[in-house]
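All remarks here apply to the structure that follows.
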Amino acid sequence: MFTEKDLRERPVLIKAFMGLDAEVFWQLIADMQAKLPEYERERLERPGRQRAIGGGRDFDLPFVIRVALVLTYLRLHIPQQTVACLYPGATQPDVSRELRRLLPLMKQVSPSPEVWQIVEEGQALTEAEVLEMEQLLDDRALVDATEQQVYRPGKSNQERKKYYSGKKKQFTLKTQFVTDGEHHILVISVSVPGATNDKRLSDELKTVERLPDGCEASADKGYQGLDKQVSLVTVRNAATGEEEQIPRLMVKTPFKKPKGGELTEEQKVFNKLLGSIRVRVEHCIGWAKNWAILATRFRCAHSIYTLVMQVVCGFVNIQTEGWQAAS
């Protein structure tokens, strides 16, 4: 079993079981403890809470061990009982409770990406949603989606069909990523059932409408037709003084080989160059899946899936900032 003393004296344990460098882990602890009083006050005073302030059981475990339980579970995704056996005094219910208690606090203290919600048909984006991406993005956006296997849901075939991915041949949840060109995860989508294809998810999120003017967006073959959704803006030609309409941003997707035909050499070169840029979003997705909770079949309630993804992506951003600063 690992005590707080063990973690301080043997930093390798933190990296091996939680996926973070020791310095990052202890900084995370300090940041969480600084916000903990206010976070606990808001949690206990939340609307709908059935217990009065002061009700409920006290925390039995030191704060460091509580955080370690959550990080170990996220990193290894082994049975919660097994995680509890690694830390003295911990039980399986402790792992389950702390996962839900501490994930929101972890999100607050890490550079977690924003979450895009589905926009109802006929509903427009708010001004805040439009300005959000102008503040996050500079000139490049890389868009891709990833799926993760889940247990067969529901009891009806209709419910199961929503989650069955024809691509993966599994029941899955799907999440869209948006990164910049420097390996920073800026946005993820709320998770949706896996039968939703990439382009449809992008449309329901209004991805094109959210991207700022002048941005260059790149996506894979699953997003064919995205460029046709870009609206036009009127600009004045500096040389001629005449007004002309141009797309407000540029969307690039690979050329698909025509049925019974072949791509031209120019199209092959374009696809290769686009792939060398777009691979950066795939790197980010791959790094997120170093945390086994996002790589193996998800066993928790779907209601916390997006939050888990958001927190893990925040850890990926921390690690990215670390190796970029060191290079």
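Annotations
- For residue 165, the residues whose modelled amide H falls within less than 5 Å of its own, excluding neighbours fewer than 5 places apart on the same chain, are 170, 171, 172.
- Assuming charge only on the beta carbon of Lys and Arg (+1) and of Asp and Glu (-1), the dipole of the chain about its Cα centre is about 1960 debye to the nearest 20.
- Under the Karplus curve 6.51 cos²θ - 1.76 cosθ + 1.60, θ = phi - 60°, whole-Hz ³J(HN,Hα) for segment 8-23, x wherever Gly or Pro sits: 6, 7, 10, x, 4, 5, 5, 5, 5, 9, 10, x, 10, 5, 4, 4
- Per-residue [θ]222 nm for the chain (sum of -39500 (n - 2.57) over DSSP H runs n ≥ 4, rounded to 500): -14500 deg cm²/dmol
- Along the axis of the charge dipole computed for the chain (Cβ charges of +1 for Lys and Arg, -1 for Asp and Glu, origin at the Cα centre), the listed residues 322, 186, 287 are led at the positive end by 287.
- Amide hydrogen neighbours beyond the local backbone of residue 87, cut-off 5 Å, H modeled: 2
- Ranked by the mean number of other Cβ atoms within 10 Å of their residues, highest first, the peptides 227-236, 31-40 fall in the order 31-40, 227-236.
- Shown here for segment 78-171: trypsin sites (Lys or Arg not before Pro) in loop regions (DSSP other than H, G, I, E, B) with at most 12 other Cβ atoms within 10 Å, namely 155, 169.
- Candidate values [x] 20.4, 66; [y] 20.6, 84; [z] 22.6, 77, label of the one derived for Rg and Dmax of the Cα atoms in Å: [z]
- Straight Cα distances below 21 angstrom link residue 199 to the lysines 161, 162, 167, 168, 169, 174, 221, 228, 252, 256, 257, 259, with same-chain residues fewer than 8 positions distant left out.
- Residue with peak Gaussian network fluctuation, the chain [Cα springs, cutoff 10 Å], from 23, 266, 282: 266
- Among 46, 278, 152, residue whose mean-square fluctuation peaks in a GNM of the chain (springs only between Cα atoms under 10 Å): 46
- Rounded to the nearest whole Hz, the Karplus-based 3J(HN,Hα) values (6.51 cos²θ - 1.76 cosθ + 1.60, θ = phi - 60°) of segment 105-114 follow the sequence 5, 4, 4, 5, 9, 10, x, 6, x, 5, with x at glycine and proline.
- Counting only aspartates and glutamates at least 8 places from residue 289 when in the same chain, those with an alpha carbon closer than 20 Å to its own are 21, 114, 144, 147, 180, 182, 198, 220, 321.
- On a per residue basis, the chain carries 53 Å² of accessible surface, using protein heavy atoms and a 1.4 Å probe.
- Surface composition of the chain: carbon plus sulfur atoms contribute 50% of the solvent-accessible area (1.4 Å probe, protein chains only, all chains present).
- By average C-beta atoms within 10 angstrom, highest first, the peptides 237-243, 14-20: 14-20, 237-243
- Residues whose placed amide H lies under 5 Å from that of residue 141, excluding near-sequence neighbours: 216, 217, 218
- A DSSP coil position with no more than 11 other Cβ atoms inside 10 Å describes the following chymotrypsin sites (Phe, Trp or Tyr not before Pro) in segment 100-165: 151.
- Across the options 62, 133, 176, the greatest Cα extent toward the positive end of the charge dipole of segment 60-195 (unit charges at beta carbon of Lys, Arg, Asp, Glu) belongs to 62.
- Anisotropy class of segment 62-189 from Cα gyration tensor, a/c 1.5 cut: oblate
The values are calculated or read from the model by the stated rules, or taken from the named source; none is laboratory data. Keep in mind that what you see is a predicted model, and the values were worked out from it rather than measured. Using ideal geometry, Cβ is built from the backbone for each residue, glycine included, and neighbour counts are taken over all protein chains shown. Only protein heavy atoms, including side chains, enter the accessible area calculation; ligands, DNA and RNA are left aside. Shrake-Rupley method; radii C 1.70, N 1.55, O 1.52, S 1.80 Å.
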